[in-house]
């Protein structure tokens, strides 16, 4: 990576660019309506490498708990540590807003994301059977949690 990674809050004007990455990265992406609804409720961030948008993430904070709702890195930018940078940024935002624990769900088949979260300090705490839609039916979710520290 030659260009510095930077972050800025997502706005409604960003949604087309966000959706382009979202639809490229996932078989069952978030819709424009989901992102639009979240703009006033969640902490929604975009990640850039130089001037190029390479990802986005969404975290919900309720009292001292955070819930990581979405973390996406553009497919052609994956495998270079950008997911970890985005995760670190989102967890820092959550901690700054007094969250001390974070929860998330991910597809059972998403081993790359599982390894990323585990590397950060998340641990599997449960499963939700048939939680996600999948191409051939439904897929289980792995539920993970992490204590946030300075």
Problem set entry | Members of the range 37-50 that are more than 17 Å from residue 68 (Cα to Cα) and either without any contact (Cβ under 8 Å) to a residue 24 or more places away in the chain or in contact with a helix residue (DSSP H, G or I) (Cβ under 9 Å, 6 or more places away or on another chain) (or both) | 49
For this session: Have a look at 105, 88 and point out the one that is exposed (fewer than 14 other Cβ atoms within 10 Å of the Cβ), under 15 Å from the mean Cα position of the chain (by Cα) and under 25 Å from residue 37 (Cα atoms).
Result: 88
For this session: Determine which single condition residue 10 fails, assuming it passes every other condition in (1) under 28 Å from residue 123 (Cβ atoms); (2) touching a helix residue (DSSP H, G or I) at 6+ places or on another chain (Cβ under 8 Å).
Result: (1)
Seminar exercise, completed: The condition from (1) in a helix (DSSP H, G or I); (2) touching a strand residue (DSSP E or B) at 6+ places or on another chain (Cβ under 6 Å); (3) surrounded by fewer than 13 Cβ atoms within 10 Å (Cβ to Cβ) that residue 127 misses is numbered (1)
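Would you call residue 113 in a helix (DSSP H, G or I), touching a strand residue (DSSP E or B) at 6+ places or on another chain (Cβ under 6 Å) and closer than 25 Å to residue 24 by Cα?
Yes: the conditions hold for residue 113.
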For this session: Identify, from the list 89, 56, the residue that is touching a strand residue (DSSP E or B) at 6+ places or on another chain (Cβ under 6 Å) and touching a residue at least 60 places away in the same chain (Cβ under 8 Å).
Result: 89
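Read the figures in this text as sums done on the coordinates, not as results from a lab. All figures in this text were calculated on a predicted structure; none of them were measured in a lab. We place every Cβ from the backbone using ideal geometry, glycine too, and count neighbours over all the protein chains shown.
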